[in-house]
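The values are calculated or read from the model by the stated rules, or taken from the named source; none is laboratory data. On a predicted model such as this, the values are computed, not experimentally measured, just so you know. Here the Cβ positions follow ideal geometry from the backbone for every residue, glycine too, while neighbour counts run over all protein chains shown.
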Amino acid sequence: MLTDVLLATALTGLTTVTLVTTGDGQPHWLASTLGFLSVAPVALRQWAPVGTLAVMIGALVLYGLLGFGVWPNTGLGIVVGLFSVATLRSRRTAAVMYAMTLLAALVAYQTFPVPLTVPEILQYVLVMAITWAVGDGTRRWALRVERAAAKTAEAVVEERVRIAREMHDIVSHHMSVISLQAGVAEYVLDSDPATARTAISTVGEAGREALSEMRRLLDVLRIDHDKESLRPQPGLADLDDLVGRIRSAGLTVDVSVTGRVRPLAAGPDLCAYRVVQESLTNVLQHAGPATARVDVDYGELTLAVTITDDGTKTYDPPPSPDSHGIRGMRERAALYGGVLTAGRHAGGFRVLLRLPIEESPA
């Protein structure tokens, strides 16, 4: 706004000087008023660009029709006004206002003391066309900037959701193990010290693993981290360690791996690991006395991971395939083009993940 006011003030000052120096003494009050109206509305160009341009066009047309001679500012106000309309309004509106500027010039030029030549008229037409094109380009650039900003904001939200999901998986799994083993240690502390020591050792290992995974996750968010010092995210290669922790928490887990085992891309590999981790943690928390089974099948084009349990605990309410944890796993799978289904199966619960295989580069 301040820039527009300063621009309008400068143009008004130049117009006033032109009226004083080119006339025979004091200019007519009406000529001064019309000269003022031909540039001063520039101060309001961002609030009402169409109305501002219309006022300036009208003032210059009247200036010529009343016989005051050549425009005192050569139409600078109209140039700024047309640029503003092309920048802030649609192309259709800008086209209409462009036609009005040409019509105004045609009417006003007929009243000039010295008729304009054809090259001068074509020059005016070309200048106004360039003004319109520059304004339209500025408008399109602004729209691209807005779209880029919107995409950036969307990416930030998606990243926050991803980080929240990672944190949920880490905390939920390890805290479940720690809670269960701490309960076992407290229960058998006096009667079976050896079992209590084993449970406490498991608590320590689970706590250290949780801190390590959280540290790796937070290191990703640091700008000044040393990439060489970062450990890779877990994957199916770490499945044995994961199952070992679950077994130490008291859940019997059987694992079967079929097909040609090979390294996967980091994203799908982490996705499969997290789905197994979340599913086994859910069994540990909700299934009661149960046995779980993890089946991993490396197909030619698809990785299939199935986690089933024969939990006997009575659910009230029954487990929902649209619960927060399962919904998070489904969204994670969809991110890598996969499909995840979950629901009751043969008296227990089953989670089935299918991911397109994209082998990691050598």
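Give the range 281-305 a look and list any residue that's of a type in the set (Asp, Glu) and assigned to a strand (DSSP E or B), or say none. Matches in the range 281-305: Asp295, Asp297. Among the conditions (1) within 12 Å of Ser279 (Cβ to Cβ); (2) touching a Pro at 6+ places or on another chain (Cβ under 9 Å); (3) at pLDDT 90 or above, Leu303 misses just one, which is (1).
Among the helices (runs of 4 or more DSSP H) confined to the range 2-76, the ones with at least 2 residues that are farther than 21 Å from Tyr98 by Cβ, in contact (Cβ under 8 Å) with a residue 12 or more places away in the chain and out of contact with any Lys or Arg (no Cβ under 7 Å at 6 or more places or on another chain) are located at 2-22, 29-37.
Of the residues Trp47, Trp71, only one is surrounded by fewer than 14 Cβ atoms within 10 Å (Cβ to Cβ) and either modelled with pLDDT of 90 or more or out of contact with any strand residue (DSSP E or B) (no Cβ under 8 Å at 6 or more places or on another chain) (or both); which? Step by step, each of Trp47, Trp71 is checked, and only Trp47 is surrounded by fewer than 14 Cβ atoms within 10 Å (Cβ to Cβ) and either modelled with pLDDT of 90 or more or out of contact with any strand residue (DSSP E or B) (no Cβ under 8 Å at 6 or more places or on another chain) (or both).
Residues that are out of contact with any strand residue (DSSP E or B) (no Cβ under 7 Å at 6 or more places or on another chain), closer than 25 Å to Val161 by Cβ and modelled with pLDDT of 70 or more are absent from the range 308-320 altogether. The number of residues in the range 266-297 being in contact with a Lys or Arg (Cβ under 8 Å, 6 or more places away or on another chain) and more than 23 Å from Gly347 (Cβ to Cβ) comes to 2.
May I ask you to verify whether Arg274 is crowded, with 22+ Cβ neighbours inside 10 Å and under 27 Å from Arg162 (Cα atoms)? Answer is yes for this residue. Considering Arg89, Arg144, the condition of being modelled with pLDDT of 85 or more, farther than 25 Å from Trp29 by Cβ, of a type in the set (D, E, K, R) and surrounded by fewer than 12 Cβ atoms within 10 Å (Cβ to Cβ) is satisfied by Arg144 alone.
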